[in-house]
Structure formats: C-alpha cells, structure tokens
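A short worksheet on the structure shown next.
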Amino acid sequence: MKPFKLSIVDDHPPIIDGLISVLEDHEDIQILQTANSGESMLSTLVGEQPDVIILDYSLGKGGLMNGLETAREIKRRYPEIVILMLTMHDNTEHIVSCVEAGVEGYMLKSESSFDIYAALVELRTRGSYFSPSIASQLVRNIRNLQEDKIVLTERERDVLESLFVGMSTKEIAEKLCISHNTVETHRKNLLSKFEAKNSLHLIYLALEKGMLRLK
C-alpha cells in the first residue's frame, strides 16, 4: 500500500516528538511536516498537502487560531485533507463542534499513544474515527436526545405555531377551521407534553428545544 502523508500540529514540542517516535517506524506513514500553530501549518500547506493532519484542539499559545478555527480553515481551503483532532476535551459540545467543522476523527490525549496508529489506519480505510470513549458518549447523547424528544401531531404543531405568532384561541379556530374547544384541547395537550405552566412558558420551552424558530 502506498504510504500516506501525515502532518502534525501541536504547540507542545514533546507531544510532536512523542507522536513522531510512535509513527516513524511504520512504513505506510510518511511524516511530511510539523507545525506549532494553525497559521504555520496553513502557510506550509500552500506547498504540499498531506493526506491526514493530526491537530491539537487547544492551539493558541503560539498563534492566533485555536484548533477548531484551524480545522475550519483547513477544510475551507483543502476539503480533501482528513483531520484527526487530538484533545483533552471529552464533552459533547466540543465533539459536535468538530464534527460540524468537518473533522473526520476525534481522539483523547489521555489514551495510549500507540492507539494513534490504529486511529490513522481506521481513518484511511473507513474515513472516520472516534475513540471508544468518545463514541460511547455520542451514543449516550443521542439516546438522551431521543428520550427528551417531544412528538407533536400535525394539528398540535399548527396550534403551537399560531400561539407563537400571538394568535388568540378564536383566531386559531377560524384559521384552522376547528372549534374553540378543540383549540383549547390541543393547547392543554401541548402544555402537558412540554410540562409548561402557561402558553408563554410553552413557547419558551419550544424555542429552547428548537421546535420553533425566530424568523
């Protein structure tokens, strides 16, 4: 198999040295370049691009861009480059931000350095890699979101959206061609599903859950 080109970005030289010592003996990996800041790596990429970049999330000491900003800019300029984010952050917010930025892999620095080669192989063969602890956390988060999800009927959604724009019960009934009592029934069902105290609280909770959007 043709060796794939690898670059490393980290503002701690010992981390770079450690990664090189682990990976340099693998014949299928060619370490192309290293950098201690996002800006430095971006300037280097103008000349030659690697297949994969190992990127430290917590950049910033030696440059202006942090790891997430660097990932976004790399993906903007060179979308074909695969990025493995190496970080101490294991919270869902950081993980999701990286995924939204286009990062294909996410690995914790607390894991064994020897796992890095397995991660790179996974990235090359399957196109993505999340360390086991991160993958488990994402699964738990998805399950929590599903458990917290509120399912509305089409008519309940119509009533919710009408309340959101300030319509009265009478106006909603006329708009939807239903009775006053039916509107009230749907409103009570909505209050129950959202565990809301009143219509204002209902709208607030619906906005918070992303089920209503400000135009």
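The values are calculated or read from the model by the stated rules, or taken from the named source; none is laboratory data. As the structure is a computational prediction, the values presented were derived from the model and not from experiment. Counting neighbours? That spans all protein chains shown, and the Cβs are built from the backbone with ideal geometry, glycine included. Just so you know, the surface numbers come from the protein's heavy atoms only, side chains and all, with ligands and any DNA or RNA stripped out. Shrake-Rupley method; radii C 1.70, N 1.55, O 1.52, S 1.80 Å.
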query: What's the lysine pair count for the chain at a Cα cut-off below 23 Å, pairs eight or more apart or interchain?
result: 19
- request: Note down the nm distance, to one decimal, between modelled labels 7 Å out along Cα→Cβ at VAL121 and at GLU208.
  value: 4.7 nm
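Over region 78-121, what percent of the accessible surface lies on carbon and sulfur atoms, probe 1.4 Å?
On the way: 1120 of 1930 Å².
Taking all protein chains in place, region 78-121 shows 58 percent carbon and sulfur surface.
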- prompt: Among bridges DSSP assigns within the chain, what percent are antiparallel (round to 5)?
  reply: 0 percent
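May I ask you to derive the relative contact order of the chain, considering only C-alpha pairs under 8 Å and at least 6 residues apart, and to give it as an integer percent? Mind dumping the intermediate values first?
Numbers: 264 pairs, mean separation 26.8, N = 215.
Relative contact order comes out at 12 percent.
Subtract the Cα-Cα distance of HIS12 and SER128 from 0.36 nm times their separation in residues, and report this length gain in nm to one decimal.
Details: separation 116, 0.36 × 116 = 41.76 nm, distance 2.52 nm.
Residue separation times 0.36 nm, minus the Cα-Cα distance, leaves 39.2 nm.
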- request: Measure nothing fancy, just the Cα-based angle from helix 180-194's long axis to the longest principal axis of the chain, in degrees from 0 to 90, nearest 10.
  value: 30 degrees
- prompt: In a GNM of the chain with a 10 Å cut-off on Cα contacts, which of HIS180, HIS26, HIS94 has the highest mean-square fluctuation?
  reply: HIS180
message: For the chain, what does the helix formula give at 222 nm: sum of -39500 (n - 2.57) over DSSP H segments with n ≥ 4, over the residue count, nearest 500 deg cm²/dmol?
response: -16000 deg cm²/dmol
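Find how much the distance from THR182 to ILE150 grows on full extension, using 0.36 nm per residue of separation minus their present alpha carbon separation; answer in nm with one decimal.
Working: separation 32, 0.36 × 32 = 11.52 nm, distance 2.04 nm.
Stretched out fully, the THR182 to ILE150 stretch lengthens by 9.5 nm.
What do you get for Rg/Rh of region 1-120 when both radii come from the Cα atoms and Rh is the Kirkwood radius?
On the way: Rg = 13.1 Å, Rh = 14.2 Å.
On the Cα set of region 1-120, Rg over Rh gives 0.92.
For a protection proxy built on the mean count of beta-carbon atoms within 10 angstrom, sort 14-23, 69-78 highest first, please.
On the way: 14-23: 15.0, 69-78: 18.3.
My ranking of the peptides, most packed first, is 69-78, 14-23.
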query: Which of ASP51, ASP25, ASP90 moves most in a GNM of the chain, Cα contacts under 10 Å?
result: ASP25
message: If you count only protein heavy atoms with a 1.4 Å probe, what accessible area per residue comes out for region 158-215, rounded to a whole Å²?
response: 66 Å²
- prompt: Taking only the alpha carbons of the chain, what extent do you get along each of the three principal axes, in Å, biggest first?
  reply: 75, 32, 31
- request: Select from MET85, MET65, MET167 the residue whose mean-square fluctuation is largest in a Gaussian network model of the chain (Cα-Cα springs shorter than 10 Å).
  value: MET167
